Amino acid sequence: MDKKNIDWSNIGFGYIKTDKRYVSEYADGKWDDGTLTENDMITMSECACVLQYAQTIFEGLKAYTTKDGNIVVFRPDLNAERLVNSAKRMEMPVFPVDRFINAIEEVVRANEAYVPPYGTGASLYIRPYMFGINPVIGVSPAEKYQFRVFTTPVGPYFKGGVKPLTIKVSDFDRAAPHGTGNIKAGLNYAMSLHAIVTAHKEGFDENMYLDAATRSKVEETGGANFLFVTKDNKIVTPKSNSILPSITRRSLITVAKEYLGLETEEREVYLDEVKDFAECGLCGTAAVISPVGKIYNHGEEICFPSGTEKMGPITQKLYDTLTGIQMGKIEAPKGWIKVID
Ligand code: PLP
Ligand code: COI
């Protein structure tokens, strides 16, 4: 299979249209068989539920070319399960886990020419999503839905690759207690747009959101969970019911324990104690682990000892081990890697 003529090592995190996408439609209480299509356009009513009331959820995962030339996907079963949870919370129909995994396989196979070659640092980002499509004007869930999957080759999410980020403690809240912060709904991202544009205007790479109830505990950023390293090399991750259960973060905890022999702790993390950590990183599918060098909190600067030039040593080990597993250089725990034949 000839690869597309793309400068793989220099692409950023943007949209590049690929050849095929998957679509399945839901009507009269059931999903149709689903199909691949070349048509990247969607036609819908001006009153479609997704347009009026933002009834839309999504997922994000990646396909990689491994050292020995296989194309693999990382833990798609967990994305399928998370989409089920998002659908239930948003009063949308569940797309079955096995069908989700088959759809991912089909789309990746059909876009093989866009899966970046091994060693380029790029990957094929896979975006499954679902939305309510029939006209809805009184506030209620839709009756018709589409589940779709498209792909786009991507490089690093943050410009500058693995150079430590500078982030600010946001004055805006991301998710309410008992709200939708723990699911992957488009609405969580819509309401973060003003906050991210504001942060960028002020020269920051990202926002740190605090818990909306007390504004004293660390939640997450707009697109990744936090991971901290203590001065005695323990991994600490914030526990909260209003953050997204990151698959990368959960995988890194296993990597820390099982591969690196590190102690890990998931607990509430207070903003006041952040200054005592040795390293800080943002973890997610898009972010992988992006190191944080500095956090700005209303006039106070928290500078991590790992500095602003390179990743801290523990973050680097976590990064190397996780990406080593994804690229087939290090043996993966059972069930983590799905080979696309
Ligand atoms: N938190 C938010 C708000 C996200 O959008 C993402 C990205 O999916 C993550 C965390 C990381 O989750 P995952 O590691 O499953 O990609
Ligand atoms: C992902 O990491 O897959 C996400 O959905 C984050 C998004 C902000 C790009």
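Among the residues that make up region 34-44, is at least one of them closer than 24 Å to Pro93 by Cβ, part of a loop (DSSP other than H, G, I, E, B) and open to solvent by less than 40 Å² (accessible area, probe 1.4 Å)? There is at least one residue in region 34-44 that is closer than 24 Å to Pro93 by Cβ, part of a loop (DSSP other than H, G, I, E, B) and open to solvent by less than 40 Å² (accessible area, probe 1.4 Å). Candidates Thr237, Thr214, Thr230: the one that is within 12 Å of ligand 1 (Cβ to nearest atom), among the β-branched types (Val, Ile, Thr) and at pLDDT 95 or above is Thr237.
Return yes when Glu219 is under 13 Å from Leu244 (Cα atoms), within 12 Å of ligand 1 (Cβ to nearest atom) and surrounded by 19 or more Cβ atoms within 10 Å (Cβ to Cβ) and no when it is not. So Glu219 passes the test. Candidates are the residues of region 248-262 that are of a type in the set (Val, Ile, Thr) and within 16 Å of Asp77 (Cβ to Cβ); the one that is most open to solvent (accessible area, probe 1.4 Å) is Thr254. Considering region 128-157, the residues that are open to solvent by 60 Å² or more (accessible area, probe 1.4 Å) and within 16 Å of ligand 2 (Cβ to nearest atom) include one that is farthest from the chain's Cα centre (by Cα), namely Pro156. With respect to Glu25, determine if the residue is open to solvent by 80 Å² or more (accessible area, probe 1.4 Å), part of a strand (DSSP E or B) and either in contact with an Asp or Glu (Cβ under 6 Å, 6 or more places away or on another chain) or of a type outside the set (Lys, Arg) (or both). Spelling it out, Glu25 is indeed open to solvent by 80 Å² or more (accessible area, probe 1.4 Å), part of a strand (DSSP E or B) and either in contact with an Asp or Glu (Cβ under 6 Å, 6 or more places away or on another chain) or of a type outside the set (Lys, Arg) (or both). Does region 293-305 contain any residue that is polar (S, T, N, Q), within 30 Å of Ile126 (Cβ to Cβ) and in contact with a strand residue (DSSP E or B) (Cβ under 7 Å, 6 or more places away or on another chain)? Looking through region 293-305, none of the residues is polar (S, T, N, Q), within 30 Å of Ile126 (Cβ to Cβ) and in contact with a strand residue (DSSP E or B) (Cβ under 7 Å, 6 or more places away or on another chain). When region 158-192 is filtered for residues that are buried (at least 18 other Cβ atoms within 10 Å of the Cβ) and of a type in the set (Phe, Trp, Tyr), only Phe158 remains.
Among the residues of region 61-77, are any within 14 Å of ligand 1 (Cβ to nearest atom), farther than 30 Å from Met1 by Cα and open to solvent by less than 40 Å² (accessible area, probe 1.4 Å)? No, region 61-77 contains no residue that is within 14 Å of ligand 1 (Cβ to nearest atom), farther than 30 Å from Met1 by Cα and open to solvent by less than 40 Å² (accessible area, probe 1.4 Å). Any idea which residue in region 222-241 is most open to solvent (accessible area, probe 1.4 Å), counting only those that are within 16 Å of ligand 2 (Cβ to nearest atom) and farther than 11 Å from Gly281 by Cα? Checked region 222-241; the qualifying residue most open to solvent (accessible area, probe 1.4 Å) is Gly223.
Is it the case that some residue within region 88-100 is at pLDDT 95 or above, aliphatic (A, V, I, L, M) and closer than 19 Å to Ile247 by Cα? Taking every residue of region 88-100 in turn, at least one turns out to be at pLDDT 95 or above, aliphatic (A, V, I, L, M) and closer than 19 Å to Ile247 by Cα. Just so you know, in region 1-53 the residues that are modelled with pLDDT under 95 and small (Gly, Ala, Ser) include one that is nearest to Ala142 (Cα to Cα), and it is Gly12. Going through (1) in a loop (DSSP other than H, G, I, E, B); (2) closer than 30 Å to Met1 by Cα; (3) within 21 Å of the chain's Cα centre (by Cα) one by one, Pro117 falls short only on (3).
The residue that is most open to solvent (accessible area, probe 1.4 Å), among those in region 1-22 that are under 18 Å from Ala287 (Cα atoms) and of a type in the set (Ser, Thr, Tyr), is Tyr15.
The residue that is farthest from the chain's Cα centre (by Cα), counting only those in region 93-113 that are crowded, with 21+ Cβ neighbours inside 10 Å and over 19 Å from Ala27 (Cα atoms), is Asn111. When region 263-278 is filtered for residues that are surrounded by 18 or more Cβ atoms within 10 Å (Cβ to Cβ) and of a type outside the set (A, V, I, L, M), only Phe277 remains.
Scanning region 63-92 for residues being within 18 Å of Tyr26 (Cβ to Cβ), in a helix (DSSP H, G or I) and in contact (Cβ under 8 Å) with a residue 12 or more places away in the chain gives a total of 7. Return yes or no: is Ile314 within 27 Å of Tyr64 (Cβ to Cβ), more than 16 Å from ligand 1 (Cβ to nearest atom), in contact with a strand residue (DSSP E or B) (Cβ under 6 Å, 6 or more places away or on another chain) and among the β-branched types (Val, Ile, Thr)? Criteria met by Ile314.
Only one entry in Gly281, Gly328 is outside any helix (DSSP H, G or I), crowded, with 18+ Cβ neighbours inside 10 Å and in contact with a Leu (Cβ under 8 Å, 6 or more places away or on another chain), namely Gly281.
The values are calculated or read from the model by the stated rules, or taken from the named source; none is laboratory data. This structure is a prediction, so every number in the text was calculated from the model and none was measured. Here the Cβ is made from the backbone with ideal geometry for all residues, glycine too, and neighbour counts use every protein chain on show. The protein model used for the area step is the full one, side chains on, heavy atoms only, and it has no ligands, DNA or RNA in it. Shrake-Rupley method; radii C 1.70, N 1.55, O 1.52, S 1.80 Å.
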